[in-house]
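The values are calculated or read from the model by the stated rules, or taken from the named source; none is laboratory data. None of these values were measured; they are calculated from a predicted model. Cβ coordinates were reconstructed from backbone atoms using ideal geometry, including for glycine residues, and neighbour counts include every protein chain displayed.
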Amino acid sequence: MTANDLRNLRNGLAFCSLWLVGMGVFTVYPVLASLYYSFADFSVLEPPVWVGARNYGRLVHDSVFWLSLKNTLVYVGLSLPLGMLVSISLAVLLNTGVRAMALFRTFFYLPSLVPIVASSMLWLWIFNGTYGILNAALKPLLAVFGTTPPTWLADPDWAKPALVLMSAWGVGNSMVIYLAALQDVPEELYESAQIDGAGWWRRIWHVTLPMISPVIYFNLIMGIIGSLQVFSQVFVMTGGADGAPARSTLFYALYLFSTAFYDLRMGYASAMAWILFLLIVGLTLLATKLSEKRVHYGG
Amino acid sequence: MLVALLLASCQQSDGKVHITYWEKWTGAEAEAMQKVVDQFNRSQDKIVVEYLSVSRVDQKTLVATAGGDPPDVAGLWIQNIYSFADHDALLPLDDFIRREGVTTREWLSRYYSVYADMCEYQGKVWALPSTPTTYALHWNKAMFRAAGLDPERPPRTVQELDAFSERLTKTDPKTGEILELGFLPQEPGWISWAYAQWFGGQLWDGREITLAKRPENLEAYRWVERYSKKYGLDRIKAFTSGFGNFASPQNPFFDGKIAMVFQGVWMNNFIRQFAPGMEYGVAPMPTAAPGLERFTVADADMLMIPRGSKHPDQAWEFIKFVSSHNPEASSQKELRGMELVCYLQEKNSPLSHWSPFFTESHPHPFIGLFRGLAESENAIHSPKIGIWQEYGREVNSVFENVRLLLESPPEALQFAQRRVSDSWKIHRESLVRRHPEAIAEKDPEIRP
């Protein structure tokens, strides 16, 4: 390294030193500390005591842990495809040149601007079994078949589907990303496809989707990460971290939270956090592997 | 410089010591406590208490204590005492009490014994109550009259409760939909964790978790299960899904959907606010086990000094003030400390002596009943065990699974028993590791 290189290195480090300190103090250190705590008996209030892999060993036998994992995977498995379907469909619709398009785009994006607690309170009323607008609409429809709508959040069988439905409300962000990608698809590809006799559906399937596949891949990964950590809306709508009714909405992050902050078992909760981290890494790698052949980075 | 800044922030220009007091209350309840704080600040010229309403105050106190900068006084809940004490997060009050020239026994004898008992754990005093409650049966007299029941005669046994409930229940003759219901164990179910004890059972014997070990506990959950079976789970779900928030006119007790509920001393306050003019009565909970007359659940808001408080002596002075009252008070102006806050919050006082004004001019028309229940020998409070947060959640899960008919009572109890016993084992292991000396004398006295 020449003297010049050294000077550049020093200056470069000096310029990003603030960020480095922030990253170190607020991200790297807590992450590494939580790794240590996951091998310790730690209540936050006293110094941690090393207990080896005991926390991980206990997790294997913790049936509520497995239940929370199952609940979470069911939620991810339902909300992720639904979210992608809704956001891509909306983006495609909002990409057709009808009038007042800017207005429609704004309308469909608006829900994403509502704070999560406020929208949770709103959905709480939508799902209300007696006065809720959803059941007011469903009741006459289902009466034709002689059944009544479920009570949603009050019913252990329907609470998860209700939260999945609600998740589609927040697709605005990914919708905007899809919309941007759609506008990048070259017009001439559609034209030549049309000349080759492709209909609407075949143009979507063979031109649009391959062209926006990197964005689909990106949104898929973000969706996996986000929905595995689902917390706030459940905490607000089911009244705490119990996963009411009957633990049907006890998701991973809720169980982790109550273990850490109600039961003061931070070590155990740290172990859960690390397993969640590994799970997210694993699913992301899997998604990358599976989509390798289907994601096209066009010029 | 940091130290200088810190010092400057406490020892302010007025030369007084400023201490921080974190409390859960907002609104009218906070205003009531603020009046007592003002009274204390005026009563002497050395200490200024700064009241701060803090949401989720237990978790914030926990984090602040772990970070070494807790408030000087924290207003928490009873279950926090035992877990915080187990984790060395509180200062015991014994030395402060002895400094007043009395023994802790003498100090605590000023309270009704159920409240005194909450404060003591592992042979030490960790907290003192601010405002308390006891739970009682509240019933809607108009609904009783409409159902042909004597509106002045509440159910006295659990069998009567069930029978009255049936009389009070109205269904739509065509659809079978429930329109009104006499009683539901889960409405509002705030003391559903105590149903086992109400039936004469026990959750904790001082050494072990006894959730699935007492036949009375099973009896209690069979009773819960019977309600779902009798009135139909789906019909109950449909009925309860229309209930509004507790603090709203759509509260099912206020709008005449549920005729009987177990509630605390605050209920009168809410009725005046959301259902003015409602005709209701208050009586002890019906007897569910032979000999367990006048059963009640007592609860209290608790003042504690977190470990790491910068001004423990001044904190004690404030707690002492809140724990005192003017025994001679004959007007609202003369109320002091405990009686002032309990009067303004319309609650009973946990102190066994009440001043003439507090007794006679209390705004709650049934205050005597709540006072009497605090004296009952069958008054219980949540178990004194460091893992009660978790245990209580498991008990709640048993209750949920049973009432939703997802599990039979024995199954649900066995499952929770295993889980909580495991947690207790782990908790006890870390206690032993941290306090090998304390554990020998650790098995404390037991409340039935």
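Yes/no per residue for (1) away from chain B (no Cβ under 14 Å); (2) touching a strand residue (DSSP E or B) at 6+ places or on another chain (Cβ under 7 Å); (3) free of Cβ contacts under 8 Å to residues at least 60 places away in the same chain; (4) surrounded by 15 or more Cβ atoms within 10 Å (Cβ to Cβ):
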position: A:Leu6; (1), (2), (3), (4): yes, no, yes, no
position: A:Val44; (1), (2), (3), (4): no, no, no, yes
position: A:Pro48; (1), (2), (3), (4): no, yes, no, yes
position: A:His61; (1), (2), (3), (4): no, no, yes, no
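Residues being under 25 Å from B:Thr171 (Cα atoms), touching a strand residue (DSSP E or B) at 6+ places or on another chain (Cβ under 7 Å) and within 14 Å of another protein chain (Cβ to nearest Cβ) are entirely absent from segment B:259-274. Note on segment A:207-232: residues that are within 21 Å of A:Ala193 (Cα to Cα) and aliphatic (A, V, I, L, M) total 4.
Do you know which of the residues in segment A:109-143 that are β-branched (Val, Ile, Thr) and without any contact (Cβ under 8 Å) to a residue 60 or more places away in the chain is farthest from the other protein chains (Cβ to nearest Cβ)? Quick ask: steps written out before the conclusion?
Initial filter on segment A:109-143 (β-branched (Val, Ile, Thr)): A:114, A:116-117, A:126, A:130, A:133.
Keeping just the survivors that are without any contact (Cβ under 8 Å) to a residue 60 or more places away in the chain gives A:114, A:126, A:130, A:133.
Details: A:Val114: 21, A:Ile126: 13, A:Thr130: 3, A:Ile133: 13 Å.
By that ranking, first place goes to A:Val114.
Set side by side, the residues A:Val207, A:Val215, A:Val185 differ, and just one is assigned to a loop (DSSP other than H, G, I, E, B) and more than 30 Å from B:Leu233 (Cα to Cα), which is A:Val185.
So, B:Gln250, is that one among the polar types (S, T, N, Q) and in contact (Cβ under 8 Å) with a residue 60 or more places away in the chain or not? Against the criterion (among the polar types (S, T, N, Q) and in contact (Cβ under 8 Å) with a residue 60 or more places away in the chain), B:Gln250 does not qualify.
Filtering A:Ser79, A:Ser34 for residues that are within 27 Å of B:Ala85 (Cα to Cα), away from chain B (no Cβ under 14 Å) and either acidic (Asp, Glu) or assigned to a helix (DSSP H, G or I) (or both) leaves a single hit, A:Ser34. Of all residues in segment A:237-263, those that are facing another protein chain (nearest Cβ under 10 Å), of a type in the set (Gly, Ala, Ser) and in a loop (DSSP other than H, G, I, E, B) total 6. Selection of segment B:206-247 for residues being modelled with pLDDT under 95 and under 30 Å from B:Ser376 (Cα atoms) yields B:Gly206, B:Arg207, B:Glu208, B:Phe246, B:Ala247.
Considering only residues of segment B:38-97 that are among the hydroxyl-bearing types (Ser, Thr, Tyr) and buried (at least 16 other Cβ atoms within 10 Å of the Cβ), which is farthest from the other protein chains (Cβ to nearest Cβ)? Filtering first and then ranking leaves B:Tyr51. Residue-level check: of (1) away from chain A (no Cβ under 14 Å); (2) buried (at least 23 other Cβ atoms within 10 Å of the Cβ); (3) not hydroxyl-bearing (Ser, Thr, Tyr), B:Val420 misses just (1).
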